[in-house]
Amino acid sequence: MDQWQELEETQPTISRVLQNSVKRDRLAHAYLFEGGRGTGKRAAALLLAKSFLCEATVAANPCLVCRECRRAESGNHPDIHTIRPDGTTIKVDQIRELKKEFSMRGVETQKKIYIVEEADKMSASAANSLLKFLEEPDGEALALLLTTNAYQMLPTILSRAQVMSFSPLSPDRIIKKLTAAGYREKDAGIVAKLTSDLTEAEQLFEEDWITQAREKVIQLIDDLIRRPADAYITLHETIIPFFSEREDVQTALDLMMLWYRDVLRMQVGQSDAIVYIDQEDTLAKQAFQLSQGKLGNNLQAVMNAKRRINANVSPQLLMEQLLLRLQEG
Ligand SMILES: [Zn+2]
């Protein structure tokens, strides 16, 4: 990412605030970029670093041709330092090492940038050491802390950094990222409805989980309509063993909800908006078989189950009760 306009497409507020601060030379000493994976935190940090160091910015955009820009682009600018967890944590030694490195080097400019990835993994002593570092007055230092878990950051860090919350990705962006990573579009569209976090999205694809999950849910709903006597067996042999954790049952309920909504879309002639894009024939059949009243009751039943899954109900009991409601609906 080379221009603030690019960031503006996905994170308009953050883009404008940062661009203005660079223009007016009013950057904070430390920023915390927090938000889900894939929301552009790292790209924004690098763009800010370039804008900060560039000798000839145009409307706060880096010129890309000066020495500073070229060195930043190549990934080895001596004044941009990136810190990542060493193992599971960022240790105080890593921060000390950094301080030493900067103090020993013949400084070319007074500007320095520290990008701390997974900043929530800083040990308390590393965080304190970094804080002291940030408060040292010599030169201009800019610290960019990145995290997907802002709630795990020390309050002392949160209070000293300007927090920028990166918005979740839109379903369209998630689909683009997932299909670009090689995942099947028919599954990517469904996953994008289940989560706006790229890490969670990719986890749903592990061991083909989402493909199997949707097939099982489709089978249950199809049984309910065409072979009601079999639905109870499908629930116990197929659904309950597969969706064994409470979290899995939540996903199963979401998948059912998306399915019934698709049937509704078929009934009202919005077949281009369906989520189960490869199931148009089955959806069309069910749109014909299910009355609008019955469909409404089914949606209501799934919504009620979704509300109750977070209470202390046994997931198995909850699914059995849901099945009864769907059968009588
Ligand atoms: Zn430049």
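Data for the structure
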{"quantity": "Counted charge near K50, where neighbours are those whose Cβ lies closer than 9 Å (Asp, Glu -1; Lys, Arg +1)", "calculated": "-3"}
{"quantity": "Given the chain, longest segment not containing exposed loop trypsin sites (Lys or Arg not before Pro) (DSSP; at most 10 other Cβ within 10 Å)", "calculated": "27-329"}
{"quantity": "Debye, to nearest 20: dipole size of the stretch 37-131, +1 on Lys, Arg Cβ, -1 on Asp, Glu Cβ", "calculated": "40"}
{"quantity": "Relative contact order (%) - the chain, alpha-carbon pairs under 8 angstrom, separation at least six", "calculated": "15"}
{"quantity": "Dimensions in Å of the stretch 159-278 - Rg and Dmax from alpha carbons", "calculated": "16.6, 62"}
{"quantity": "Computed [θ] at 222 nm, deg cm²/dmol, the chain (DSSP H ≥ 4; -39,500 (n - 2.57); rounded to nearest 500)", "calculated": "-17500 deg cm²/dmol"}
{"quantity": "Semi-axes of the equivalent ellipsoid for the chain, Cα gyration tensor, largest first, Å", "calculated": "51, 22, 15"}
{"quantity": "Net dipole in debye of the stretch 1-44 [+1 Lys, Arg Cβ; -1 Asp, Glu Cβ; about Cα centre; nearest 20]", "calculated": "180"}
{"quantity": "Per residue Cα convex hull volume in Å³ - calculated over the stretch 232-329", "calculated": "100"}
{"quantity": "Extension gain from Q300 to R184, taking 0.36 nm per residue of separation minus the Cα-Cα distance", "calculated": "38.7 nm"}
{"quantity": "Under the Karplus curve 6.51 cos²θ - 1.76 cosθ + 1.60, θ = phi - 60°, whole-Hz ³J(HN,Hα) for the stretch 42-58, x wherever Gly or Pro sits", "calculated": "5, 4, 5, 5, 5, 5, 5, 4, 5, 4, 5, 8, 4, 8, 9, 5, 10"}
{"quantity": "Exposed-loop-free span, longest in the chain, where GluC sites (Glu not before Pro) count as exposed if DSSP calls them loop and at most 15 other C-beta atoms lie within 10 Å", "calculated": "109-244"}
{"quantity": "Selection from L18, L7, P85, by position along the positive dipole direction of the stretch 1-116 (Cβ)", "calculated": "P85"}
{"quantity": "Local electrostatic count, A127, Cβ distance below 12 Å [Lys/Arg +1, Asp/Glu -1]", "calculated": "+3"}
{"quantity": "Label-point gap, in nm, between D25 and R70 - each point 7 angstrom along Cα→Cβ", "calculated": "2.6"}
{"quantity": "18 Å Cα-Cα reach of K186 towards lysines, excluding residues that sit fewer than 8 places from it in its own chain", "calculated": "K176, K177, K216"}
{"quantity": "Under 29 Å from K23, Cα to Cα: lysines that are on another chain or at least 8 residues apart", "calculated": "K41, K50, K99, K111, K112, K132"}
{"quantity": "Centre separation in Å (Cα based) which lies between the stretch 184-259 and the stretch 118-183", "calculated": "33"}
{"quantity": "Cβ-placed point charges (K, R +1; D, E -1), dipole of the chain about Cα centre in debye, nearest 20", "calculated": "820"}
{"quantity": "Area of T282 that stays accessible when all protein chains are in place (1.4 Å probe, Å², to 10)", "calculated": "40"}
{"quantity": "Charge dipole (the chain, unit charges on Cβ, about Cα centre) - positive-most of N128, V263, V302", "calculated": "N128"}
{"quantity": "Cα lying deepest toward the dipole's positive end in the chain, options T39, L204, M164, charges on Cβ", "calculated": "M164"}
{"quantity": "Shape call, the stretch 4-167: gyration tensor on alpha carbons, a/c limit 1.5", "calculated": "oblate"}
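The values are calculated or read from the model by the stated rules, or taken from the named source; none is laboratory data. These numbers were taken from a predicted model, which means no experiment stands behind them. In this analysis, Cβ positions are derived from the backbone assuming ideal geometry, glycine residues included, and neighbour counts consider all displayed protein chains. Side chains are part of the model used for accessible areas, which takes the heavy atoms of the whole protein and leaves out ligands, DNA and RNA. Shrake-Rupley method; radii C 1.70, N 1.55, O 1.52, S 1.80 Å.
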